[in-house]
1. May I ask you to give the percent of accessible area on the chain that is carbon plus sulfur, with a probe radius of 1.4 Å?
2. Using only DSSP helix segments of four residues or longer, with each worth -39500 (n - 2.57), what per-residue ellipticity at 222 nm results for the chain after dividing by its residue count and rounding to 500?
3. Just the accessible area per residue of the chain, please: how many Å² with a 1.4 Å probe?
4. Among the lysines, select those whose C-alpha is under 29 Å from the C-alpha of Lys131, and discard any that sit fewer than 8 residues away in the same chain.
5. Within the P(r) computed for the stretch 101-185, what percentage of the Cα pairs occupies the region above 18 Å?
6. Please work out the Cα convex hull volume for the stretch 157-212 and give it in Å³ per residue.
7. Can you find, among Leu238, Ala217, Ala249, the residue sitting farthest towards the positive end of the charge dipole of the stretch 217-262, where Lys and Arg contribute +1 and Asp and Glu -1 at Cβ?
8. Just reorder His47, His231, His84 by solvent-accessible area, largest first, 1.4 Å probe, all chains present.
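The values are calculated or read from the model by the stated rules, or taken from the named source; none is laboratory data. Note that the structure is a prediction, hence the values are computed from the model and not measured. Note that each Cβ is placed from the backbone with ideal geometry, even for glycine, and that neighbours are counted across all protein chains shown. Side chains are part of the model used for accessible areas, which takes the heavy atoms of the whole protein and leaves out ligands, DNA and RNA. Shrake-Rupley method; radii C 1.70, N 1.55, O 1.52, S 1.80 Å.
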Amino acid sequence: MATQDPALLIERAGAVALLTLNRPDSLNAINNEIRRALPEALASFEHDPAIRAVVLRGAGPRGFCAGADIKEFRADETVTQARHRMAHGAYVESLERFSKPVIAAIHGICFGGGLEIALACDLRFASADAKLALPEVNLGLIPGAGGTQRLPRLVGLGQALDMMLTGERIDAAEAHRIGLVSRVFPDADTLFAEAMRIAEVIASKPPVAASYVKEAARSGASMSLGAALQHERDLFALLLSTEDRVEAAKAFKEKRAPNFTGR
Ligand code: COA
C-alpha cells in the first residue's frame, strides 16, 4: 500500500527549520493534518536549541496556500461542533506563541487561511508572482483564524477592511506598499533561497535576544504603552545577565567574530 506524503514536510538546514505545506494538488489547502502537524512541529523546535529560526513555505509551483480546504467543509456539522472545531483555528496562534522567529515565504496564491497563517508569522517575504487575499466574504464567511484582527494591526484598519470587504486579491507590489510583506523577490526560487539566507542571519544572532525582540514587540502590542515599555526594560535587564551579551561585547573589543551559545 502506498504511504501518503505528509501534509507538512519538516526539514532542517543547520540552525534553520524549513516547514513546507505539502498538498500541491489542492494548492496546499489547510486540512486537519496541517492543523495538527504545524503546532506539533513548532513544539518540538521550542525545546531544540539547535533550531533558532523557521521558514514556512508552500510546495509546488502554484502557491503558498489557497486557504482552508473547502472540499473538507462539513455540511452535517452542528454549530456547537463547528465551534469546537474552530478552537483548532487556534493552531495559528502556535506561530505567535513559539519563541523563535518564523518567516513566511509566499509565492503565488496566498488566500484565506493561508494568509492568516502568514499573518501570524513574524516576517513575510513574497515573490513577484504572489497574490494575497482574504476572500471569505465570497463564501458567506469571515476570516476565522485571526485575519480580522491581525491584518488591521499590521496594515491599518482602512487597508484591511478594503481587502476583507471586497475579497479582492492584491499583488506583491501592493502588499509591499501597505506593509503586508517586508521584502519582495523576483521569483519563487530566489524567494526561497533568500528566506533561508535571512533565516540563517537571524539564527546567527544571540538566540535569547532574538526571542526577546519577538516577545517585546508581540506582547507589547496588546499592552498599554506604559506597561509595554516596562516589559521592554525588564527583558533588557534580563539580557544583561546572559553570557552571550558578555561574549558580544568581548568579541567586539577583540575584533573577532562572536561565538553565541544561547546562554
Ligand atoms: N480547498 C480545496 N481545494 C482547493 C482549494 C481550497 N481552498 N483551492 C484550490 N483547490 C484545488 C482545486 O479544487 C483544484 O483541484 P482539482 O484540480 O482537483 O480540481 C486545485 O486546487 C487547483 O485549483 P484551481 O481552482 O483549478 O486553480 P485556479 O488557478 O483555476 O484557481 C484559485 C486558483 C486559488 C483562484 C481557486 O482555486 C480558488 O478560488 N480557490 C479557493 C480559494 C478560497 O476561497 N480560499 C478561502 C477559503 S476560506
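1. Working: 8080 of 14000 Å².
On the chain, the fraction of accessible area on carbon and sulfur atoms equals 58 percent.
2. Details: 11 runs with 118 residues, N = 263.
Roughly -13500 deg cm²/dmol at 222 nm, from the helical runs in the chain.
3. Working: 14000 Å² over 263 residues.
It amounts to 53 Å² per residue over the chain.
4. Within the straight-line limit of under 29 Å, Lys131 reaches these lysines: Lys71, Lys100, Lys214.
5. Numbers: 1106 of 3570 pairs.
Above the 18 Å cut-off, the stretch 101-185 has 31 percent of its Cα pairs.
6. On the way: hull volume 6.0 nm³, N = 56.
Here the figure is 108 Å³ per residue.
7. Ala249
8. Details: His47 155, His231 40, His84 135 Å².
From most exposed to least exposed: His47, His84, His231.
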